[in-house]
Amino acid sequence: MKSLILFIFCTLSFELLGQHTLSGKVILDGQNETAFGASIYISELKTGTTADTLGNYRITGIPTGTYTIKVSYISMPAVTERNIKVGQNVVRDFTLKPGANSLDEVVVTGTMKEVSKLDSPVPVDIITSKFIYKNPVPSIFEGLSNVNGVRPQLNCNVCSTGDIHINGLEGPYTMVLIDGMPMVSGLSTVYGLSGIPNSLIERVEIVKGPASTLYGSEAVGGLINIITKNPSKAPIFSADMFSTTWRDYNVDLGVKFTAGKNTSSLLGISYFNYQNPIDKNKDGFTDLTLQNRISFFNKWSFDLRNNRQANIAARYYYEDRWGGEMTWNKSFRGGDQVYGESIYTKRFEVLGNYQLPTPEKITFQYSFSSHNQNSVYGHVPFLADQKIAFAQLLWDKEIGKHNLLFGTPFRYTFYNDNTTATKYLDGKDHPDKILLPGFFVQDEIKSGPHALLLGARYDYNSRHGSIFTPRLAYKFKFNQTDVVRLNIGRGFRIVNLFTEDHAALTGSRQVIVKEALNPEQSWNVNVNLVKKIVTGNSFIGFDASVFYTHFTNRILPDYDTNPNQIIYDNLDGYAVSKGVSLNLDFNFPFPLKIIAGGTYMENFQKENGVRFRPVLTEKFTGVWAISYEIQNAGLSFDYTGNIYGPMRLPVLSESDPRAKVSPIWSLQNIQITKKWDNGLEIYGGVKNLLNFTPPANSIARSKDPFDKNVKFDEQGQVIATPDNPYKLTFDPSYVYAPNQGIRGFLGMRYTLR
C-alpha cells in the first residue's frame with residue numbers, strides 16, 4: 001500500500017513538473033502603447049489568451065515541448081515564432097510593427113492625412129480589393145452593392161445607368177473621388193463610375209455624412225474615394241478575366257515597369273463587352289443594356305529628394321451602350337420608329353500631386369477631366385460637353401498638439417448641352433462657366449485619449465456667391481480596441497439637374513423648372529462607436545453609428561403632380577435623413593470569417609405641413625459576406641448577399657396598375673476559388689441565387705414607346721381609351737433592381753510579383 005501511494009505521488013510530481021508557464025508583454029513598436037487585447041496563441045495545443053490593459057499575458061499548463069507561437073493584433077501584421085522550446089517557465093515579450101498587411105487600416109479620406117483607421121476622428125469604412133473579389137463585377141459601381149448603407153441605384157430600365165446612394169440619399173449627394181481628386185461629378189455622375197480597372201484598385205474609402213469642409217460641393221450625403229495602387233508596390237503583372245452565362249466578358253490587365261531608380265509606372269487596361277440581347281420578361285425591351293467599353297489607365301510615381309514624392313495619372317475611357325426594343329439597331333438611332341437609348345461617351349482624365357521642395361510640407365494637387373457625351377433617348381438627342389479643372393495647395397503643419405491643414409482649392413467648370421439648361425431668353429446657346437475659389441483650414445488637437453478636429457471652409461461661387469461650411473469632430477479612444485466619435489458638419493450642393501438626373505432626359509415627360517434653383521444646404525450629426533472583443537485567437541468587431549441629416553432648399557423631382565411632367569423646385573420646407581447602422585466582423589480561430597451589417601433609416605420631406613417619403617428610398621438594408629478557406633487545398637468559399645426593404649416607386653398616377661411599393665428583395669451570390677502558389681486563381685459560381693427580377697410590367701406602355709396611341713385632353717391629361725384603360729404614358733423610370741436573373745460565372749486571375 002505504501003508503495004502504491006509513493007508511485008502515485010511520484011507520478012503526480014512528474015506531471016506537475018512537466019507543466020510550465022509562458023508569460024510576457026506585447027507592445028506596439030514606436031507608439032509607446034501596449035497591445036491591449038492582442039491574441040497569443042499556441043498552434044500545437046490550440047490554446048491561447050489575450051493581453052490585458054498593460055499588455056501582459058500568461059498561459060499556464062504547457063507541457064514540455066517545442067511550439068509555434070502566433071501573436072496577432074487588430075490593424076497589425078501577425079508575428080509568428082516557431083521552435084520555441086518550453087522546458088521550464090518562459091518569459092517572452094513581443095513587439096508588433098506596422099507592415100504591408102496593416103495598410104488596409106490606414107485611411108486618408110476623412111482628414112486628407114494618412115492616419116490609422118482607429119486614430120481617425122472621422123469614421124471611415126474601408127473596402128479592399130480582396131472584398132470586391134468575393135463577388136467579381138465588371139465595375140466598381142456594382143462592387144459597392146455589398147457595403148452596408150451603400151446602394152447602387154439603377155435609374156433607367158432601358159440604358160441601365162445609375163448612381164450611388166448612401167444612407168438612402170440620392171446619387172448626386174454622393175461625391176466620388178479618384179486618389180482624392182474630384183473626378184466623377186456633374187455629367188459623369190451618371191456614366192463615370194464604370195471603366196476603372198478593378199485590378200488597379202488598392203482600396204475604397206467611404207465617409208457617410210457631409211464632407212464639404214474638405215471637399216466642397218456634392219459631398220453632402222457622403223463621399224467615396226477610389227484609391228489606386230502605388231506603382232512601386234504593385235505586382236509586376238496582374239490579369240483578371242471572367243464571363244457569365246449571359247455571354248458578357250470582362251478583362252482587367254495591369255503591368256508595372258520602372259523607368260529609372262526613382263521612377264515607377266503602372267499601366268492598366270479594362271475591357272467589357274456585352275452584345276447578346278435578351279428579353280426574358282417578354283416586354284419587348286432588352287433586359288440588360290448592350291455595352292462595348294474600354295478604359296486605359298496609366299499612373300507614374302516619382303521618389304524625390306528628402307523623401308518627397310510626386311504622382312501623375314491619366315485615364316481614357318470610351319463606351320458605346322444601347323438599350324431598347326429588341327428590333328433596334330443603329331439605323332434607327334434618333335428616329336421615332338423603333339425606340340432605343342444610345343449613348344457614346346468619351347472621357348479623358350489627368351490627376352496628380354507634387355510635394356514642393358520647401359522646408360514646410362506643402363503639396364500641390366491638380367486634376368482635369370473632359371467628358372463628351374453623344375446620346376439619344378428615343379427621338380430626343382442629348383449632346384453634352386463638360387470640362388472640369390481643379391487645383392489646390394495643401395500645407396500640413398504641426399505646432400505642439402495642433403496638427404494643422406490649410407488648403408486653397410480652385411475649381412473651374414465648363415458645361416454645355418443642347419437643352420434648355422444652357423439657353424438664355426435670347427434663344428441662343430450659352431455654355432455654363434462657373435468659377436469656384438475657396439479656402440479651408442483644419443486643426444486636429446490631440447491630448448491623451450482625446451482628439452478634437454475643427455474645420456471651416458469658405459467658397460465663392462461665381463453664380464451663387466459666398467458659401468460657408470464648418471465641421472467639428474471629437475474622438476475618445478478608450479484603448480486600442482474601443483473608440484467613440486462625434487461628428488457635426490454642414491454640407492452644400494450646387495445642382496445641375498440635367499447632368500445629374502437621368503429621368504430628366506428619358507421617356508416622354510416634360511421637364512419643368514419652376515424657379516432659379518438655390519444651393520441645397522444640410523447639417524449632419526453622426527455618433528459612431530467601434531469596439532473589438534478579442535477572445536483567444538479570434539475577435540468580434542462592432543461598428544455602430546447613429547446619423548441625422550437636416551436639409552433646406554432641397555431639390556427633388558416631383559413625379560406625382562402631373563404624370564406627363566417632372567417638376568423641379570426648391571423644397572418649401574425641409575427634408576430629413578436619419579437612422580442607425582451596425583457592422584459586425586467575426587474572425588474565428590478556424591478559417592471562417594463573417595462580415596455582416598444592417599442599416600435602418602427614415603427619410604422624409606415636409607412641405608406645407610405635409611410629410612411624405614421620397615421615391616426609391618428604402619427603409620432598411622442588410623449585407624453579408626461569409627468566407628471559409630481550406631488552406632491545404634488552396635480552396636476558398638464566399639457567400640455574399642444583400643437585402644433591401646420596401647421603397648416607394650415612381651408610378652404615373654393612382655390608376656397605374658404597377659405596385660406603388662417595392663417588395664423586400666435580395667441579391668445573393670456564391671463563389672468557389674482555387675488558388676495555386678504560382679499566383680494563378682480559378683474562380684466560378686452563381687450570381688442572383690434567388691433569381692430575383694423586377695415585375696415584367698416595369699416599363700409602362702412598352703408597346704407604344706413614342707406615345708403615338710395615347711390620347712390627351714386640352715389640359716394635357718391622359719384620356720382613358722380601350723387601348724389605354726389605365727391612362728399611362730411610356731415610362732422606363734420605374735426601376736429599383738437589375739433585370740438580370742440567376743446566372744453562372746467563371747473566371748481566372750493571375751498575379752506575378
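The values are calculated or read from the model by the stated rules, or taken from the named source; none is laboratory data. It should be emphasised that the depicted structure is a prediction, and the values quoted were computed from it without experimental measurement. Reconstructed Cβ throughout: ideal geometry from the backbone, glycine too, with neighbour counts over all protein chains shown.
Below are the figures for this structure:
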quantity: Residue satisfying condition, being at pLDDT 90 or above, of a type outside the set (D, E, K, R), within 23 Å of Tyr734 (Cα to Cα) and assigned by TED's automatic domain parsing to the domain that holds Met241, within set Gly598, Gly684, Gly645; calculated: Gly645
quantity: Selected residue [over 21 Å from the mean Cα position of the chain (by Cα) and either in the same structural domain as Lys46 (by TED's automatic domain parsing) or of a type in the set (Lys, Arg) (or both)] from Lys674, Lys619; calculated: Lys674
quantity: Any chance Gln373 is modelled with pLDDT under 90 and either of a type in the set (A, V, I, L, M) or part of a strand (DSSP E or B) (or both); calculated: yes
quantity: Test result for Lys660, surrounded by fewer than 17 Cβ atoms within 10 Å (Cβ to Cβ), in contact (Cβ under 8 Å) with a residue 12 or more places away in the chain, over 30 Å from Lys130 (Cβ atoms) and not hydrophobic (A, V, I, L, M, F, W, C); calculated: yes
quantity: Verdict on Lys687 being surrounded by 15 or more Cβ atoms within 10 Å (Cβ to Cβ) and under 20 Å from Gly143 (Cβ atoms); calculated: yes
quantity: Count of residues meeting criterion [surrounded by 19 or more Cβ atoms within 10 Å (Cβ to Cβ), touching a Lys or Arg at 6+ places or on another chain (Cβ under 8 Å) and more than 19 Å from Gly352 (Cα to Cα)] in the range 271-314; calculated: 7
quantity: Test: residue in the range 407-425 that is under 30 Å from Gly448 (Cα atoms), surrounded by fewer than 16 Cβ atoms within 10 Å (Cβ to Cβ) and β-branched (Val, Ile, Thr); calculated: no
quantity: Among residues of the range 50-75, those that are under 21 Å from Pro591 (Cβ atoms) and part of a strand (DSSP E or B), counted; calculated: 8
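Rundown of residues vs (1) assigned by TED's automatic domain parsing to the domain that holds Gly216; (2) buried (at least 16 other Cβ atoms within 10 Å of the Cβ); (3) at pLDDT 85 or above; (4) closer than 23 Å to Asp482 by Cβ, yes/no style:
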position: Pro63; (1), (2), (3), (4): no, no, yes, no
position: Tyr67; (1), (2), (3), (4): no, yes, yes, no
position: Ile74; (1), (2), (3), (4): no, yes, no, yes
position: Thr80; (1), (2), (3), (4): no, no, no, no
position: Val86; (1), (2), (3), (4): no, yes, yes, no
position: Phe94; (1), (2), (3), (4): no, yes, yes, yes
position: Gly110; (1), (2), (3), (4): yes, yes, no, yes
position: Ser116; (1), (2), (3), (4): yes, no, no, yes
position: Ile132; (1), (2), (3), (4): yes, yes, yes, no
